[in-house]
Amino acid sequence: MQGLSDFKAASGLSPNAQKSSIFFCNTGRSARSCIPHLAQFREGILPVRYLGLPLLTKRLTKQDGAPLVERFLARANSWVSKSLSFARRLQLVKYSLASVEVFWSSMFLLLASVTNECERTMRRFLWGGRGLCGKSSKVNWSQVCKPFHEGGLGIKRMRSWNEALLLKEIWNLPHQRSLWAKWCNLHLIRKHNLWSLHNWGSHSWVWRHMLKLRDIARTHMVYECGRGELFSLWYDPWFHGNCIHALYGHRVIYDERMNGNEKLKEVIVNGRWSWPQTSWELIETQQRVQNIPVSSQPDCIGWHKKGGAFSTKQAWQLIRRASDIVPWWKMVWCSKRIPKHSFCLWLTIHRAHKTKDKLLNWGLISSARCVFHCGGTESMDHLFFECPYTRNIWRDALRRCNIHRNILPWVEEEEWLEAYAKGDYFPAILMRLAVGATVYHIWLERNRRCFRNRFLPGDEISKRIREDVGRKLKFTGDDYGNDNDRHHSLCINWGVL
C-alpha cells in the first residue's frame with residue numbers, strides 16, 4: 001500500500017477501486033486473501049487483455065492469438081475491394097494489413113499457427129479481394145514475400161519480421177535504454193550476465209523464447225573495447241565475437257584466481273592487454289587479443305559494424321534468407337512506374353497469367369484458340385508478341401520510341417528490354433513505361449474479349465497506351481522535351497508536348 005501512496009503523492013493520480021483488479025501468481029493463500037482486503041481491489045483472473053495484448057502466466061496458445069487473427073480478417077473484409085487493382089491491394093497489404101501485427105510481434109514470439117493464419121488472410125485479400133476468399137494464388141507466396149530486387153512484391157514474412165522486432169529488445173538489454181530493459185536487468189538477469197543466463201527453469205515463456213534469439217543477436221553485435229568498465233571479462237562476446245568462458249570454460253577463471261564478476265579493465269594496464277601467464281589458455285588469450293584495439297573511450301556496442309546503430313529493417317535483412325537479384329527488377333519497379341502496369345508486367349515475367357493453354361491442360365475449357373482470331377493457340381509467348389494483333393501494338397509502341405526493329409520471342413524480348421531500359425536517362429524511362437502499358441492493355445483487351453464479349457481495334461489499344469504513358473510523363477513534372485532534339489521528338493510521339 002505504501003507504493004500506491006507514493007505513486008499518488010508523486011503523480012496526483014489515485015487508483016479507482018471500482019475499475020481496478022489485482023492479480024496473483026505464485027502467491028500463498030493467506031496473502032491472496034489479505035492483500036485485496038487492504039487494497040480494496042477485486043481479485044482478477046488471468047489471462048486478461050491489457051493494451052490489446054494478453055497477460056499470461058503460461059505459454060501463448062492459438063486461442064490467445066485469435067484476437068490478432070480476427071483483427072486481420074476484420075480489416076481485410078472492411079475494404080470494398082472489387083474495384084481495386086492488384087497494385088492497390090498490394091499497397092493495402094504492405095502498409096495497412098502488415099502493420100496490424102507489429103505491436104504483438106514486438107512483445108511475443110508468435111506461434112507459427114497464428115502467423116500462418118494471418119499470412120493466409122493477406123494472401124487471400126491480395127489475390128481474391130477478401131480475407132475469406134478461397135481464390136488460388138497466381139504466384140507462390142514464398143516468391144511474393146521477397147524484396148523487389150529478388151523478384152518479389154516486397155511483403156515481409158511475419159516470422160522473420162517478428163524475430164527482427166524482438167532482436168531490438170535484446171539489443172536494448174545491455175544498453176538499458178528502456179524501462180523494460182532496466183527492469184529485466186534488475187529482476188531477471190540480476191547478478192548474472194545476459195549471454196550466460198540459462199533459458200530454462202522458472203523463467204516465463206516469453207522471456208525464455210526471447211533468450212533463444214541471443215545467438216542471432218550475438219552474431220551481429222560488435223563489441224568495441226574501450227576502458228573496460230562495462231564489459232564482463234568472461235561472459236560478454238568481446239573476444240572476436242565470442243566470450244572467454246564459452247571458449248575455455250570455468251577453469252580459466254579458476255586459473256586466474258577470480259570469481260567471474262570481473263570487468264574487462266582487470267586485464268588492461270596503461271592501455272595495453274596484460275593477462276596473467278598461469279595456464280596455456282591464458283597465454284593463448286594474451287596472444288590472440290593483441291589485434292583487438294583498446295581505447296580511452298567508454299566501451300560501446302555496435303550493430304553489424306563498429307558504432308552501428310540498431311535498425312529493425314537492417315536486422316530483418318540480416319536474418320532472412322536472401323535470394324539472387326533478378327536482372328529485370330528495375331525495369332518493372334522503376335520510381336516513375338504506373339503501379340497497375342508494373343504489377344501486370346511482374347505477373348507476365350513470372351508467367352503467372354492464366355492463359356488458355358493452362359486452362360486447357362487443367363481441363364477447364366475445351367479450346368485454347370487465340371481470342372484475337374489469328375488461328376493460333378493462346379499461350380504466354382503467343383500473347384507477347386507472336387500474335388499478329390499484339391505484335392502490331394508492340395511495334396507501334398516501339399515506333400513511338402523511335403525504335404525500328406524486328407519483334408523477338410518474349411524471352412529474348414525481355415533480355416533486350418533489360419539491356420535497353422537500364423539507367424535513368426529519358427529513353428530508358430520511356431521504354432519502361434511503354435512496355436508496362438503495352439503488356440497491361442493487351443492483357444486487359446484479352447480479358448475484355450473473354451469475359452465481356454467486347455472488342456477494341458488495335459489502333460484504339462495503341463491510343464490508350466499513348467495516353468497512359470503521356471499522362472504519366474506530364475505528371476512527373478520533369479521537362480524532358482527541352483533536353484535535346486531526340487527527347488523533343490519522343491515527347492511529341494507520346495503526346496507530352
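Can you show me the helix-derived [θ] at 222 nm for the chain, built from DSSP H runs with n ≥ 4 at -39,500 (n - 2.57) apiece and divided by the number of residues, rounded to the nearest 500. Don't skip to the answer; put the middle values down first.
Numbers: 23 runs with 224 residues, N = 497.
Computed ellipticity for the chain at 222 nm equals -13000 deg cm²/dmol.
When the Cα positions of Gly154, Cys243, Ile22 are compared along the charge dipole of the chain, Ile22 comes out farthest toward the positive end, with charges on each C-beta of Lys, Arg, Asp and Glu.
In the calculated pair distance distribution of the stretch 218-277, what percentage of Cα-Cα distances lie above 15 Å? Mind dumping the intermediate values first?
On the way: 863 of 1770 pairs.
Pairs farther apart than 15 Å: 49 percent.
Compactness of the chain was expressed as the Cα radius of gyration divided by 2.2 N^0.38 Å, which yields 1.35.
FRET efficiency for the Leu38 to Lys212 pair, using the beta carbon distance and R₀ = 41 Å, is estimated at 0.55.
Full extension of the chain segment joining Leu456 with Asn261 gains 62.1 nm, where the gain is 0.36 nm per residue of separation less the Cα-Cα distance. The phi-based Karplus calculation (6.51 cos²θ - 1.76 cosθ + 1.60; θ = phi - 60°) puts the 3J(HN,Hα) values of the stretch 99-115 at 7, 4, 8, 4, 4, 5, 5, 6, 10, 10, 8, 5, 5, 4, 5, 6, 5 Hz, whole numbers, x for Gly and Pro.
Over all distinct alpha-carbon pairs, what is the Kirkwood Rh of the stretch 139-187 in angstrom? Don't skip to the answer; put the middle values down first.
On the way: mean 1/r = 0.0784 Å⁻¹.
The Cα-based Kirkwood calculation yields 12.7 Å.
Here the ratio of the Cα radius of gyration of the stretch 234-363 to 2.2 N^0.38 Å is 1.97.
Taking 8 Å as the Cα distance limit and 6 or more residues as the minimum spacing, I'd like the relative contact order of the chain as a percentage.
Over the chain, the number comes to 10 percent.
Computed extension length for Arg177-Leu56: 41.1 nm, one decimal, from 0.36 nm per residue of separation with the Cα-Cα distance subtracted.
Based on every Cα atom in the stretch 416-497, Rg and the maximum pairwise Cα distance Dmax equal 14.4, 45 Å. Would you please state which residues of the stretch 96-114 a label at Asn77 would reach in this model, taking the label point 7 Å out along Cα→Cβ and a backbone N cut-off of under 20 Å? Output list for this probe position: 96-101, 114.
How much length, in nm to one decimal, is gained on full extension between Leu4 and Val222, taken as 0.36 nm per residue of separation minus their Cα-Cα distance? Write down the numbers at each step before the final one.
Numbers: separation 218, 0.36 × 218 = 78.48 nm, distance 4.20 nm.
Length difference between fully extended and current span is 74.3 nm.
Here's the list of aspartates and glutamates a cross-link from Lys212 could span, going by alpha-carbon distance under 20 Å and ignoring same-chain residues fewer than 8 apart: Glu163, Glu169, Asp236. A Cβ-based charge dipole, computed about the Cα centre of the chain with Lys and Arg at +1 and Asp and Glu at -1, lands at about 1860 debye. Here the alpha carbons of the stretch 94-223 define both size measures, Rg and Dmax, at 17.8, 56 Å. Modelled this way, with points 7 Å down the Cα-to-C-beta line, the labels at Asp424 and Leu111 are 4.9 nm from one another. Taking other C-beta atoms within 10 angstrom as a stand-in for reagent exposure, Ser160, Ser366, Ser20 fall in the order Ser366, Ser20, Ser160, fewest first. For the stretch 403-497, chymotrypsin sites (Phe, Trp or Tyr not before Pro) are listed when DSSP marks them as loop and at most 15 other Cβ atoms sit within 10 Å of their Cβ; the list is Tyr425, Phe455.
For the stretch 329-493, what Kirkwood radius comes out of the mean inverse Cα-Cα distance, in Å? Walk me through the numbers on the way to the answer.
Numbers: mean 1/r = 0.0606 Å⁻¹.
About 16.5 Å, per the Kirkwood formula over Cα pairs.
Computed from label points 7 Å out along Cα-Cβ, the spacing between Ser202 and Leu444 is 6.8 nm.
The spread of Cα positions in the stretch 66-156, taken along each principal axis and listed from longest to shortest, comes to 33, 31, 21 Å.
Applying Stokes-Einstein at 25 °C and 0.890 mPa s to the Kirkwood radius of the stretch 356-425, computed over alpha-carbon pairs, gives a translational diffusion coefficient of 180 µm² s⁻¹. Per-residue Karplus couplings for the stretch 389-403, computed as 6.51 cos²θ - 1.76 cosθ + 1.60 with θ equal to phi - 60°, are listed in order as 4, 6, 5, 5, 5, 5, 5, 5, 5, 5, 4, 5, 8, 6, 10 Hz, Gly and Pro entered as x.
No value in this document is a laboratory result; all are computed from the given coordinates. The model shown is predicted, which means the values in this text are computed figures rather than measured ones. In this analysis, Cβ positions are derived from the backbone assuming ideal geometry, glycine residues included, and neighbour counts consider all displayed protein chains.
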